[in-house]
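Engineer: Can you read through this structure? Questions will come right after.
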Amino acid sequence: MNVQMRHASLALALMTAFGTSQAADPAACSALTYPVTAKTAQIDDYHGTKVADPYRWLEDANSAETKQWVDAENAVTQAYLGQIPQREAIRQRLTKLWNYERYSVPSKEGGRYFYSRNDGLQNQSVLYTMKNLNDTPRMLLDPNTLAADGTVALSGVEVSPDGKLLAYGTAASGSDWNEWKVRDIETGKDLDDHIKWVKFSATAWTKDGKGFFYSRYDEPTEATKLAAVNYFQKLYFHKIGTPQSADVLVYDRPDEKEWGFGAHTTDDGKYLLITATKGTAHKYRVFIKDLSKPDAKVVPLIDNFDAAWDFIDNVGSTFYFSTDSKAPRQRIVAIDVNKASEKNWKEIVPESKDTLSNAHIIGNRLVTEYLKDARSVVRVNDLNGKLVREIALPGIGSVSGFTGKRGDTETFFSFTGFTTPTTRHEERQNQRVPPAQGRLRPEGL
């Protein structure tokens, strides 16, 4: 189907959907004139085979020539779309459908609760905090105000274990490059800390809240920062109140340019977990560092890329992982880091006929989420894997949430049914609490 026919079909579909015979003028459709795209004499020689690439120049998205070409293409598109009389009706209908209040599942850190809310038409959800569930929510961070033109997005948030500081990442103009800043939660003011050249990384706070681990690349040149491939990611530690130039290199692999690193600190503050990735495959190597020993080395725990190893939590030196090692539908394995050879691994929750999609340790219980017949099932096991109960969901649908810590007595989750909108629920150890929507609304809404 040629371009003109596709445009005519789109106009006909819109006309039919909105019950009107007023479609765009077919004559206008056939009169579309696209900009002439210049061809160059670019030819590549691949081991004796010559391959023409006349549009190579378009790969430079920042060149004046490419920008002019994009502007010309957009002018043709907008001129055509502007002729469709149903367009305004479509816009109004979609706006009405999108305009409803939305909340995230609450999380708890340092005695505070955190959640995000969107009033319906905000480009980005706003982060709120409360000291308790009956407290009046207070806005902590509105990412819609990060840039007047709306081109800066919130890319991540991490609250310090004491609930006093918020590390938050931003991305400008859709770039993968992130910058991280630190906000005082009580005052709502940013500190001087400013971390740059971060990509594909979150932050991991130390137990005392005095700093965090993060991964970054070396600072690129102005010419290569948006075009070159990034290699040799490095893991650093940033101490609050110091410049980025003083950050300490924790781990890197000069021999493995494609490896990336993710950091996670255990809730007891004793260990740093480093997850090494290569490409986008869900297969990881896992390294650990004993933070209680200043001179401790980073040592391997899982030293191959054979499977996924998603850290759940630890109890002392015993680490719980969800893995697809020898279990395509996932299982839970416990590894004592002092006896880490595979012969000493202990299977806690074996693979089942249902797919294990998520697992957490909350209130000294394993909360496991499964996908069964295209619906969510949530089970509670003790730390030895024995099934305690299955959480009764409001119906057939999907859940998300169930975050928390080993000492918590409550957790939150959202439920979305096939015929019901998303609701949020609070689950305590032996009690279901009614949907939490009302108690988490900002005052006056």
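The values are calculated or read from the model by the stated rules, or taken from the named source; none is laboratory data. The structure presented is a predicted model; accordingly, all values stated were derived computationally and were not measured. So basically every Cβ, Gly included, is an ideal-geometry build from the backbone, and we count neighbours across all protein chains shown.
Engineer: Does Thr411 meet the test of being in contact with an Asp or Glu (Cβ under 8 Å, 6 or more places away or on another chain), modelled with pLDDT under 95, among the polar types (S, T, N, Q) and surrounded by 16 or more Cβ atoms within 10 Å (Cβ to Cβ)?
Structural biologist: Criteria met by Thr411.
Engineer: Pick from segment 41-85 the residues that are part of a loop (DSSP other than H, G, I, E, B) and among the charged types (D, E, K, R): which of them is modelled with the lowest pLDDT?
Structural biologist: That would be Asp60.
Engineer: What's the total number of residues in segment 165-199 that are assigned to a loop (DSSP other than H, G, I, E, B) and within 18 Å of Gln244 (Cα to Cα)?
Structural biologist: Residues that pass the stated criteria total 2.
Engineer: Can you tell me which residues in segment 108-134 are closer than 22 Å to Ser160 by Cβ and assigned to a loop (DSSP other than H, G, I, E, B)?
Structural biologist: Once the filter is applied, which keeps residues that are closer than 22 Å to Ser160 by Cβ and assigned to a loop (DSSP other than H, G, I, E, B), segment 108-134 yields Gly110, Gly111, Ser125, Lys131, Asn132, Leu133.
Engineer: Related question: Collect the residues in segment 344-381 that are part of a strand (DSSP E or B) and aromatic (Phe, Trp, Tyr), keeping them in residue-number order.
Structural biologist: Tyr370
Engineer: Here's another thing I want to ask about it. Taking segment 192-223 as the search range and keeping residues that are of a type in the set (A, V, I, L, M) and surrounded by 15 or more Cβ atoms within 10 Å (Cβ to Cβ), which one is nearest to the chain's Cα centre (by Cα)?
Structural biologist: Once the filter is applied, the top-ranked residue is Ala202.
Engineer: Do the conditions hold for Asp119, that is, is it surrounded by fewer than 20 Cβ atoms within 10 Å (Cβ to Cβ) and more than 17 Å from the chain's Cα centre (by Cα)?
Structural biologist: yes
Engineer: Next question. Which residue pairs have Cβ atoms closer than 9 Å, lie 6 or more positions apart in sequence or on different chains, and pair a first residue in segment 299-318 that is hydroxyl-bearing (Ser, Thr, Tyr) with a second residue that is assigned to a loop (DSSP other than H, G, I, E, B)?
Structural biologist: Ser317/Lys270; Ser317/Val337; Ser317/Asn338; Ser317/Lys339; Thr318/Val337; Thr318/Leu383
Engineer: Scan the strands (runs of 3 or more DSSP E) fully inside segment 236-314 and keep the ones with 2 or more residues being out of contact with any Lys or Arg (no Cβ under 7 Å at 6 or more places or on another chain) and either basic (Lys, Arg) or under 21 Å from Asp336 (Cα atoms) (or both). Lay out the reasoning, then the answer.
Structural biologist: Working: elements: 248-251, 259-265, 271-278, 285-290, 299-302.
Output list reads 259-265, 271-278, 285-290, 299-302.
Engineer: May I pose another question? Does segment 414-445 hold any residues that are of a type outside the set (D, E, K, R), surrounded by 15 or more Cβ atoms within 10 Å (Cβ to Cβ), modelled with pLDDT under 60 and not in a loop (DSSP other than H, G, I, E, B), and which are they?
Structural biologist: Across segment 414-445, the qualifying residue is only Leu440.
Engineer: Within segment 105-126, track down each residue that is touching a Phe, Trp or Tyr at 6+ places or on another chain (Cβ under 8 Å) and in contact (Cβ under 8 Å) with a residue 40 or more places away in the chain.
Structural biologist: Val105, Pro106, Ser107, Lys108, Phe114, Tyr115, Arg117 - these are the residues of segment 105-126 that are touching a Phe, Trp or Tyr at 6+ places or on another chain (Cβ under 8 Å) and in contact (Cβ under 8 Å) with a residue 40 or more places away in the chain.
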